[in-house]
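Single-structure report; data block below.
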Number of protein chains: 2
Amino acid sequence: MDQQVKYLLQESEMPRSWYNVIPDLPAPPPPPLHPGTREPVGPDALAPLFPMALIEQEVSAERYIPIPEPVLDVYRLWRPTPLLRARRLEQALGTPARIYYKYEGTSPAGSHKPNTAVPQAYYNAAEGVKKLTTETGAGQWGSALAFASAVFGLECEVWQVRASYDQKPYRRLLMEAYGAKVHPSPSGLTNSGRAVLAEHPDSTGSLGIAISEAVEMAAGDPATRYSLGSVLNHVLMHQTVIGEEAIKQLAQAGDTPDLIVGCTGGGSNFSGLVFPFLREKLAGRMNPVLRAVEPAACPSFTRGVYTYDFGDTAGLTPLLKMHTLGHDFVPDPIHAGGLRYHGMSPLLSHIYELGLIEAVAKPQSECFAAGLQFARAEGILPAPEPTHAIAACIEEALRCKETGEEKVILTAVCGHGLLDLSAYGSYQAGQVVDFELPMEAVRDALSRLPASV
Amino acid sequence: MDQQVKYLLQESEMPRSWYNVIPDLPAPPPPPLHPGTREPVGPDALAPLFPMALIEQEVSAERYIPIPEPVLDVYRLWRPTPLLRARRLEQALGTPARIYYKYEGTSPAGSHKPNTAVPQAYYNAAEGVKKLTTETGAGQWGSALAFASAVFGLECEVWQVRASYDQKPYRRLLMEAYGAKVHPSPSGLTNSGRAVLAEHPDSTGSLGIAISEAVEMAAGDPATRYSLGSVLNHVLMHQTVIGEEAIKQLAQAGDTPDLIVGCTGGGSNFSGLVFPFLREKLAGRMNPVLRAVEPAACPSFTRGVYTYDFGDTAGLTPLLKMHTLGHDFVPDPIHAGGLRYHGMSPLLSHIYELGLIEAVAKPQSECFAAGLQFARAEGILPAPEPTHAIAACIEEALRCKETGEEKVILTAVCGHGLLDLSAYGSYQAGQVVDFELPMEAVRDALSRLPASV
């Protein structure tokens, strides 16, 4: 083979700004609403939860927001991340397609999540906050925030979805190694958690419930703020460093993408990869198909309703217009805990409604098979979340094998799966189940949506 | 801070040859001896265990051996690895020293071990071998060989030291994800294993025992060969890509090392980092102090005897002149399973006897504390093995704080600790014990050395 595999950038080529896609969209996304008044929520309403700098970013109309120097200094520990050409996977598949993957697993926490955890911790520390609370599904986000909190001297308290807390003890240990405190969710520490436990003592939890708990704890303490790892505009924007780097690296490789594939839970990995390419597409400089891949057990894009709903289970957040399966729908405990969210980022939902991106759903067994094939060809064992995108890449590459098309496919391996090995163990032991979407539970949950506005 | 942290090389700057230090030494190392005849073993005697290409490398007098293209093609998946300046750790310590670390945790298996696993699998496959057997301590080596075997289409069967097999289930799952078969050692599958179990049914195992089992299985099957992750000359030589890259990267940074520190178990990580610098030192081009750091519970350099001994417990290997605690000494089950070997590489032992390197021993609790301090400053959670080197770096950096010396310290973080989180969990729970070296057991084991020659 003897051909280049990695496309690297120097630290000096790291993006100096985050990209805000909103000003480039043909229509602005619908605003979040106050659940009582049904009026758009102003910045002040968010102040108990977030520092002002992040609230300003959330509603910003600027296309570019400069990355503060202290954030760049931490990014330097692992950024820019490599773009790799999956030559060995291509060869194993016998495809004429060229498959590239942006690898975010080189970060300290092993995923793309530190891209937003670091600025969130920085802005909170800069405004005098002492402690951050958050939820975590697979534990990727929790460990990222624990790392970022250690760097900026903040306390960090994490509510980890019970299913992941039990399946993935190493994630908890990593958060604790960085100095964080971790609770399984639902916990007995909050009203939201106690309410769920009263009704479902064996609840395996959900991101929606864990968010309620973390929000409740932050709202009750003036020195504490809440931190979210996906869904919100500012979070998606912080992740655009992924796509900005990938654009430069694909240019190094002399290629232009025909298809970009990413997994979606709350939407941050997909958006981070895709938004800079969407800018190029809207400007007519390239024309890639942009495809989101979600788990068949929690398919908010492909089976959810586009409407105003709460971001959490207890109904503590503003109302967000998004694709949702209902804020109190509890997805089956699939191994891709990071994709186990009842809703979808409102901004990404809006972009989907505008017809700028498409979406498909994949059952987890196909994804694990794809993950193992990838690991044995490329070496890297991907986290269960990006195996969804890898499965879709392989599907497309095999289609190219039929048609002979030399498509350029780009994806993001947003994290490694070294702390998800128990999930791979279950798969190899034949114990992974492809859950059917429980339509009755979804209908039930959708029947409890807040009255439409 | 805003100063460069990472020093990267392009794929095109990857070393094209391995460096063999032997021709540059003032005296050649003593040869391995046949245990029966006490004559030097010829290449033929090794042929049942190793392919001819590796046997030739083991005894080569060439200073440089070209790296085959198919090996370079796999190295490209992660090499060159980054050299990082530990600015945040320096700041946390308040030291004027400049600390650099070569980070080998970016490899698929998460350590430096694939540097030799890949060529070993390649040469075996090229000579028609179908299966490789090996031992593994912490599991770093076993997962590296499992990965390399997957790449070159070989079967792989691993005997994992019982203490690690029980403490580190994720390492086994990673080997299995790459398609390998894993047994705890001592096992009932070999004469060597059965002999140990007959005497010590609860044996936690040792690298020496696991080597006996893997060697025995390979020797009994003409299509199977044995693969060793450290100790031998060719293994140490494959690791010199680490030091060769580090020389170029330190030059990029404009620095020359005053002190190079590495952890030693069998010696491969230390040698890989140090040998190219030793070449420079012997040629008078630089003059760094070269310091090996071993665990206080298994201190072959600082408490062992320099003599001919077996490389394994059952006495199946040739006699090797090395620093040894006795081939049937079973070290306490420290968490740094990769450093838990009764002997030391004969080549590195010889270099120590020549006075070209020095050695110190560290108790594991000091190492875990250093590992956590490193993780909270630099983000990367190091494996328990390199925390020994990090502890020695921190010690030296604090000495520089006293004296005001701006020493340039270089080390290798030879692997990440993400699959060692249970060990960090034990440490944070106050359950890590600093074992005293059991001198009576060592004296016993040394009393059973083969008669001196």
> Helix B:268-282 versus the longest principal axis of chain B: what angle, 0 to 90°, nearest 10, using Cα atoms?
Replying inline: 60
>> Quick check on my link table: of B:K248/B:K281; A:K281/A:K362; A:K102/A:K401, which ones sit more than 18 Å apart, alpha carbon to alpha carbon?
In response: A:K281/A:K362; A:K102/A:K401
>> Modelling each spin label as a point 7 Å along the Cα-to-Cβ direction, I'd like the B:M439/B:T302 distance in nm, to one decimal.
In response: 1.5
> Of all accessible surface on region B:1-50 at a 1.4 Å probe, what whole percent is carbon and sulfur?
Replying inline: 57
>> Sort A:V413, B:V59, A:V330 by heavy-atom solvent-accessible area, probe 1.4 angstrom, most to least.
In response: B:V59, A:V330, A:V413
> In Å and whole numbers, how far do the C-alpha atoms of region A:84-149 stretch along each principal axis, longest first?
Replying inline: 55, 21, 15
> Roughly what angle does helix A:114-126 make with the longest principal axis of chain A, taking Cα atoms, 0 to 90 degrees, to the nearest 10?
Replying inline: 40
> What are the principal axis extents of the Cα atoms in region B:329-450, in Å, biggest first?
Replying inline: 47, 38, 24
>> Please list, by residue number, every one of the trypsin sites (Lys or Arg not before Pro) in region B:358-453 that is coil in DSSP and has at most 14 other beta-carbon atoms within 10 Å.
In response: B:R448
>> Of A:V413, A:Y424, A:H342, which is farthest towards the positive pole of region A:340-430's charge dipole, taken about the Cα centre with +1 and -1 on the beta-carbons of Lys, Arg and Asp, Glu respectively?
In response: A:Y424
> What are the distances, in nm and sorted shortest first, from the label point of B:P48 to the label points of the same position in each other copy, with each label point placed 7 Å from Cα along the Cα-to-Cβ direction?
Replying inline: 7.7
> Once the other residues with Cβ under 11 Å from the Cβ of A:R16 are scored (Lys, Arg +1; Asp, Glu -1), what is the net sum?
Replying inline: -3
>> Could you check the spin-label model distance between A:A92 and A:T37? Points 7 Å from the Cα along Cα→Cβ, value in nm.
In response: 5.6
>> Relative contact order of chain A, please, whole-number percent, based on alpha carbon pairs below 8 angstrom and at least 6 residues apart.
In response: 19
>> Students sometimes get this wrong: rank B:D332, B:D444 by accessible area, probe 1.4 Å, all chains present, largest first.
In response: B:D444, B:D332
> If you line up the long axis of helix B:207-219 against the longest principal axis of chain B, both from Cα atoms, how many degrees apart are they, to the nearest 10?
Replying inline: 50
> Okay, which of region B:241-276 sit inside 13 Å, backbone N to the point 7 Å along the Cα-Cβ direction of B:Q3?
Replying inline: B:253-255
>> In whole percent, and with a 1.4 Å probe on the protein chains, what portion of the accessible area of region A:74-215 is carbon and sulfur?
In response: 48
> Which loop-located trypsin sites (Lys or Arg not before Pro) does region B:79-137 contain, where loop means any DSSP state but H, G, I, E or B and the Cβ has at most 14 other Cβ atoms within 10 Å?
Replying inline: B:K130
> Using a label point 7 angstrom from Cα along Cα-to-C-beta, what distances in nm, from shortest up, separate B:V305 from the other copies?
Replying inline: 8.2
> What does the helix-only formula give at 222 nm for the protein assembly as shown: each DSSP H stretch with n ≥ 4 adding -39500 (n - 2.57), the total divided by the residues, and the result rounded to the nearest 500 deg cm²/dmol?
Replying inline: -12000 deg cm²/dmol
> Using alpha carbon centroids, what distance separates region A:6-55 and region B:380-448, in Å?
Replying inline: 44
>> Under the rule a/c < 1.5 gives rounded, and otherwise a/b versus b/c splits prolate from oblate, where does chain A land using the Cα gyration tensor?
In response: rounded
> Viscosity 1.002 mPa s, temperature 20 °C: Stokes-Einstein D of the protein assembly as shown from its Kirkwood Cα radius, in µm² per second?
Replying inline: 76
>> On a straight-distance basis, which aspartates and glutamates could pair with B:K407 in a cross-link, Cα separation under 19 angstrom, same-chain partners fewer than 8 positions away excluded?
In response: B:E90, B:D255, B:D258, B:E280, B:E358, B:E395, B:E396
> So what is the relative contact order for region B:310-365, in percent, with contacts set as C-alpha pairs under 8 Å and at least six apart?
Replying inline: 29
> Remind me, what semi-axes does region B:78-236 give for its equivalent ellipsoid, largest first in whole Å, using sqrt of 5 times each Cα gyration tensor eigenvalue?
Replying inline: 31, 21, 13
> Which value, in Å² and to the nearest 10, is the accessible area of A:M217 when all protein chains are kept and the probe is 1.4 Å?
Replying inline: 70
> Tally Lys and Arg at +1 and Asp and Glu at -1 over the other residues with C-beta under 11 Å from the C-beta of B:L46: what net charge comes out?
Replying inline: -2
> If you keep only loop residues by DSSP, which chymotrypsin sites (Phe, Trp or Tyr not before Pro) in region B:273-360 have at most 16 other Cβ atoms within 10 Å of their Cβ?
Replying inline: none
> Expressed as a fraction of 2.2 N^0.38 Å, the rule-of-thumb size for a compact globular protein of N residues, what is the C-alpha radius of gyration of region B:26-139?
Replying inline: 1.45
>> Report for chain B the percent antiparallel among DSSP-assigned beta bridges with both residues inside it, nearest 5.
In response: 35
>> Defining the label point at 7 Å along Cα→Cβ, can you sort the distances from A:G36 to the same site in each other copy, shortest first, in nm?
In response: 9.3
> Accessible area per residue of chain A at 1.4 Å probe, in Å²?
Replying inline: 31
> Which of rounded, prolate, oblate describes region B:387-453, given a ≥ b ≥ c as roots of the alpha-carbon gyration tensor eigenvalues and a/c under 1.5 marking rounded, otherwise prolate only if a/b is larger than b/c?
Replying inline: oblate
> Which net charge results when you count Lys and Arg as +1 and Asp and Glu as -1 among the other residues whose beta-carbon is under 9 Å from that of B:I409?
Replying inline: 0
> Percent relative contact order of region B:334-413, based on C-alpha pairs within less than 8 angstrom and at least six residues apart?
Replying inline: 27
>> Using the basic label-point model (7 angstrom from Cα toward the beta carbon), what is the A:Y64 to B:A223 distance in nanometres?
In response: 6.1
>> Report the B-A buried area as the accessible area lost on both sides summed, probe 1.4 Å, in Å² to the nearest 100.
In response: 4100
>> Going Cα to Cα from A:K131, which lysines come in below 24 Å? Please leave out same-chain ones fewer than 8 positions away.
In response: A:K113, A:K181
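The values are calculated or read from the model by the stated rules, or taken from the named source; none is laboratory data. Keep in mind it's a predicted model, so treat the numbers as computed, not measured. Heads up, the Cβs are rebuilt from the backbone with ideal geometry, glycines too, and the neighbour counts pull from every protein chain shown. These area figures cover heavy atoms from the full protein model, side chains too; ligands, DNA and RNA do not enter into them. Shrake-Rupley method; radii C 1.70, N 1.55, O 1.52, S 1.80 Å.
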